[in-house]
Amino acid sequence: MKLVVQVKLLPTPVQAAALEATLRACNEAASWVSSVAFEKDVKRNFALREHTYIQVKQQWGLGAQAAQHVIKKTCDAYTTLKANLKAGNLGKPWSKRYRRAAGKPVAFRPEGAQPYDDRMLSWQITERTVSLWTLPGRTKKVAFTASPEHLARLALYRKGESDLLFRDGMWFLNATCEIPEHPLKADVEEFLGIDLGIVNIATTSDGQIMAGRALNRGRERERTLRTKLQRKNTPSANRRLKKRRRKEARRATDINHKIAKHVVAEAERTGRGIALEDLTGIRERVRLRKPQRATHSSWSFAQLGAFIAYKARNAGVPVVHVDPAYTSRTCAECGHIDKANRVSQAWFACRNCGFVDHADRNGSRNIRARAEQLWRRGAQSTVPDPPPKPGRGTRRKPSTTTSGARCANPGLSVPGH
C-alpha cells in the first residue's frame, strides 16, 4: 500500500533561493512543453520527448533527469485532464467550463510541485537532512523536520519519487512509502454500518454520532466571514483572506482523519468489517435549492470514505460499499419502505410496525444489513426498487447489478496520520 509522508524543509535563505529558482524554471519549461503537446497533439511521454527534450535542457538549463520529469509531468497532467473530462467532472461537452478546459494548453503555476527521483534527491534520515538537485547545482544538507512516526516510515518504507512543493511560504517534500499490507480478515460475519450526512457527518450502527451541529455552525461562520471579506475587497481584507485560506479545508481533513481512525479502530477491536455508502455521483443526482447547495457541497465525504478505506486496509479490515438508495426511508426492523417514515431530519418512525429510532442510526443499520448480505453473496449488489406508487400495479421484479456496490480498499496518497 502506498502512502505519502510529508516532511517540512528548513532551508537557509541561500538554499531557499535555489529551490525557488528551480521550481520556477521547471514549471516555466512544463508550460512550454504543454503548449507544444497541445499544438502538435502529442501527449505521450516518449513521443513528446522527441519534440521538447533538447530545447528544455538548453533553454532552461535543466539536467537530464529534471527535463524528463518535466515532460512526464506534462503528460500526466493531460492524462488527468482527459479523465476528468470523460468522467464529467468539468461539466457537459457543450458547457463553458468544459470548453475552456479542453480548448487551451494546460498551464503550470510558477511554484507548482516538481517530482524528484533518487538520482536527484538523497535522504540522510538520521541527520534529518536531504541533498537535492537545484538549478545552481547540488544543494546539500537541507534540514527537514518530521514526527518520529514519519521518520520511521521514511527509514523503513520510502520508495520511488518525492515531490518538492512550496505552499504558504513553506517548503515541503512529499515522499512515497510502500507499506506492507495486512491480510484482509476473511472470517468477518458482522459489519459496522456508517451513515454519512450533512447535520451529522458520520453515524455508526452502534448509535455513536460523530461531529454535528457545532461543527456546522463553525463552517457557516467561516463561509459568512469569507463572503464578507470578498465583498469588501480591500488590501487588508485580501491579506486576511490569504491568511485564512484553506483553513476550513485543513480543519475538515483533520476531522475526517479523526473520524476514520475511530471507525477503523472500533471495527478492528470488535472483529467487524466496515460498511459505507457508495456516494459516487451524488452531486449530479441530487437537486437542491440554492441556499442548500453550499452546505451540501462543503464537506468532502469522498475524502472521509477514502481515509476509512486506506486506514482499514492498513489494519486488515474489509470495507464494503453499498447502494444508499432508500436507506433513510427503510425500516431497519421490518423493512417497510415509505417516504413518510422519515418524520423529521432527526427521527424515523415506521408507519408499518411503529419502530422509532434516530434517523441516521436507522440508516446506518440498513447500510450494515446490506453490507452483510453482500459479503455473504460475494459482493453481488442488490439495488432496491423504489416503493410502489399508490394506484399503480404490481411492483417490478427486484433487479440485481454489480455496479451498485463494491468491496473497496484502494490505496491512497495522503499525509500519514
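Below, the figures for the structure above:
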{"read-out": "Filter result for PHE144 (of a type outside the set (Ser, Thr, Tyr), within 25 Å of VAL33 (Cα to Cα) and out of contact with any Gly (no Cβ under 9 Å at 6 or more places or on another chain))", "value": "no"}
{"read-out": "Complete set of residues in region 124-145 that are in contact with a Lys or Arg (Cβ under 7 Å, 6 or more places away or on another chain) and either buried (at least 19 other Cβ atoms within 10 Å of the Cβ) or over 23 Å from VAL70 (Cβ atoms) (or both)", "value": "THR129, ALA143, PHE144, THR145"}
{"read-out": "In region 81-105, the residues that are within 24 Å of VAL56 (Cα to Cα) and surrounded by 12 or more Cβ atoms within 10 Å (Cβ to Cβ)", "value": "LEU81, PRO105"}
{"read-out": "Which listed residue is at pLDDT 90 or above and within 24 Å of the chain's Cα centre (by Cα), from ALA152, ALA113, ALA143, ALA211", "value": "ALA113"}
{"read-out": "Matching residues in region 3-36 - criterion: being surrounded by fewer than 19 Cβ atoms within 10 Å (Cβ to Cβ) and β-branched (Val, Ile, Thr)", "value": "VAL4, THR12, VAL14, VAL36"}
{"read-out": "Region 191-204: number of residues that are touching a Phe, Trp or Tyr at 6+ places or on another chain (Cβ under 6 Å) and assigned to a loop (DSSP other than H, G, I, E, B)", "value": "0"}
{"read-out": "One residue from ARG231, ARG221, ARG226, ARG217 being assigned by TED's automatic domain parsing to the domain that holds ARG246, surrounded by 12 or more Cβ atoms within 10 Å (Cβ to Cβ) and out of contact with any strand residue (DSSP E or B) (no Cβ under 7 Å at 6 or more places or on another chain)", "value": "ARG226"}
{"read-out": "Boolean, TRP60 is over 33 Å from the mean Cα position of the chain (by Cα) and in the same structural domain as VAL142 (by TED's automatic domain parsing)", "value": "yes"}
{"read-out": "Of residues in region 1-42 being under 30 Å from ALA312 (Cβ atoms) and touching a helix residue (DSSP H, G or I) at 6+ places or on another chain (Cβ under 7 Å), the one modelled with the lowest pLDDT", "value": "MET1"}
{"read-out": "ASP118 under 28 Å from LYS159 (Cα atoms), of a type outside the set (Val, Ile, Thr), at pLDDT 90 or above and under 22 Å from the mean Cα position of the chain (by Cα)", "value": "no"}
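One line per residue, one yes/no per condition, for (1) among the hydrophobic types (A, V, I, L, M, F, W, C); (2) part of a strand (DSSP E or B); (3) free of Cβ contacts under 8 Å to residues at least 12 places away in the same chain; (4) not assigned by TED's automatic domain parsing to the domain that holds ALA275:
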position	(1), (2), (3), (4)
LEU151	yes, no, no, yes
GLY160	no, yes, no, yes
ASP163	no, yes, no, yes
PHE166	yes, yes, no, yes
TRP171	yes, yes, no, yes
ASN174	no, yes, no, yes
CYS177	yes, yes, no, yes
GLU189	no, no, no, no
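For every residue, the table says whether it meets (1) under 21 Å from PHE38 (Cα atoms); (2) part of a helix (DSSP H, G or I).
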position: TYR78; (1), (2): yes, yes
position: LEU81; (1), (2): yes, yes
position: ASN84; (1), (2): yes, yes
position: ASN89; (1), (2): yes, no
position: ARG97; (1), (2): yes, yes
position: PRO105; (1), (2): yes, no
position: PHE108; (1), (2): yes, no
position: PRO115; (1), (2): no, no
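The values are calculated or read from the model by the stated rules, or taken from the named source; none is laboratory data. Because the structure is predicted, anything quoted here is derived from the model rather than measured. Don't worry about glycine lacking a Cβ; one is built from the backbone with ideal geometry, like all the others, and counts go over all protein chains shown.
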